[in-house]
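Encoded as structure tokens, the structure appears first; notes follow it.
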Amino acid sequence: MIAAMGRMSLLKPRLAVFLGLLLAAAPALADKLTFDHRLSPPLKAVLDSGDAGMIDYNNANPRNVVDLIAIRGKSAHDWMEALVIIARTPDRKVASTDAWEAELKREAQGKCSSTFTELARDEISVTFERRSIGCPNGYPPIALYRAISGKRSLFLLAVLVKDELAESSRSQWLAMMSSAHLE
């Protein structure tokens with residue numbers, strides 16, 4: 001019991017550190033992405049739970065920092081629905097939200113037959129949905145994306161779903177993505 005309490009007390013500072021990193025996206029980047037995670041109650045529940053196993057933070061490449069938060073599933077490595085947050089330094093290959101969208105489309109079409117629907121666009125971002133069929137095992141056939149361009153960085157919010165996405169969940173995710181802005 002005491003060991004379990006000790007582990008929980010360690011998880012809360014780790015979660016606080018993760019959330020700080022999440023909000024800053026990457027310390028080396030000048031732009032800061034923020035969004036209202038409360039607009040997706042399942043995301044809020046995962047973050048409030050303090051379960052570090054549901055979060056995978058990968059900053060091995062500081063030019064491409066990736067956070068994965070499992071929303072439904074056993075862990076960040078065994079999930080059915082996940083939020084992926086990427087902070088990326090623009091380069092020759094991908095220097096804009098349009099280029100990132102094109103890259104995501106090429107990657108998806110290389111895996112399975114995919115249909116893309118643009119949902120929203122403004123001067124710094126594009127939001128779109130991918131529906132795919134005939135995908136290999138493990139590749140999510142449903143995805144919502146919002147790519148956002150800052151002065152010195154690009155950000156991607158991606159909701160990946162391996163089974164079905166209820167309309168209410170889809171609406172919550174889109175509201176959360178819509179709340180995303182740069183500071």
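On a full-extension model of 0.36 nm per residue, what is the gain between Glu103 and Ser168, subtracting their alpha-carbon distance, rounded to one decimal in nm? Don't skip to the answer; put the middle values down first.
On the way: separation 65, 0.36 × 65 = 23.40 nm, distance 2.85 nm.
So the chain would gain 20.6 nm between Glu103 and Ser168.
Show the residues, 5+ positions off or on another chain, whose built amide H is closer than 5 Å to the amide H of Lys32.
Glu183
Can you run phi through the Karplus equation (6.51, -1.76, 1.60; θ = phi - 60°) for the range 42-48 and list ³J(HN,Hα) in whole Hz, with x for Gly and Pro?
x, 5, 4, 4, 5, 5, 5
Determine ³J(HN,Hα), in whole Hz, for all residues of the range 55-70 in sequence, where each value follows from phi through the Karplus function 6.51 cos²θ - 1.76 cosθ + 1.60 and θ = phi - 60°; x replaces Gly and Pro.
Result, ordered by residue: 10, 10, 10, 10, 10, 4, 10, x, 8, 8, 8, 10, 10, 10, 10, 6 Hz.
Whole Å is fine, so just give me how far the alpha carbon centre of the range 30-48 lies from that of the range 103-118.
26
What full-extension length gain, to one decimal in nm, is calculated for Glu123 and His77 as 0.36 nm per residue of separation minus the Cα-Cα distance? If you can, show how the numbers build up before the last one.
Numbers: separation 46, 0.36 × 46 = 16.56 nm, distance 3.47 nm.
Difference between extended and current length: 13.1 nm.
Take Asn137 and Arg92, extend 7 Å from each Cα along the Cα→Cβ direction, and tell me the distance between the two endpoints in nm.
Distance between the two pseudo-spin positions: 4.0 nm.
Suppose each label sits 7 Å from its Cα in the direction of the beta carbon; what would the Val84-Arg63 distance come out to in nanometres?
1.9
Would you mind getting the Kirkwood hydrodynamic radius of the range 99-147 from its Cα pairs, rounded to one decimal in Å? Intermediate values should be presented prior to the final figure.
Numbers: mean 1/r = 0.0901 Å⁻¹.
Averaging 1/r across every pair of different Cα atoms and inverting gives 11.1 Å.
Give a residue-ordered list of calculated ³J(HN,Hα) values for the range 85-92 (Karplus: 6.51 cos²θ - 1.76 cosθ + 1.60, θ = phi - 60°; whole Hz; x for Gly, Pro).
10, 10, 10, 10, 7, x, 9, 4
FYI, it's all coordinate maths here, none of it is from the lab. Keep in mind it's a predicted model, so treat the numbers as computed, not measured. Virtual Cβ from ideal backbone geometry, glycine too; neighbours counted across all protein chains shown.
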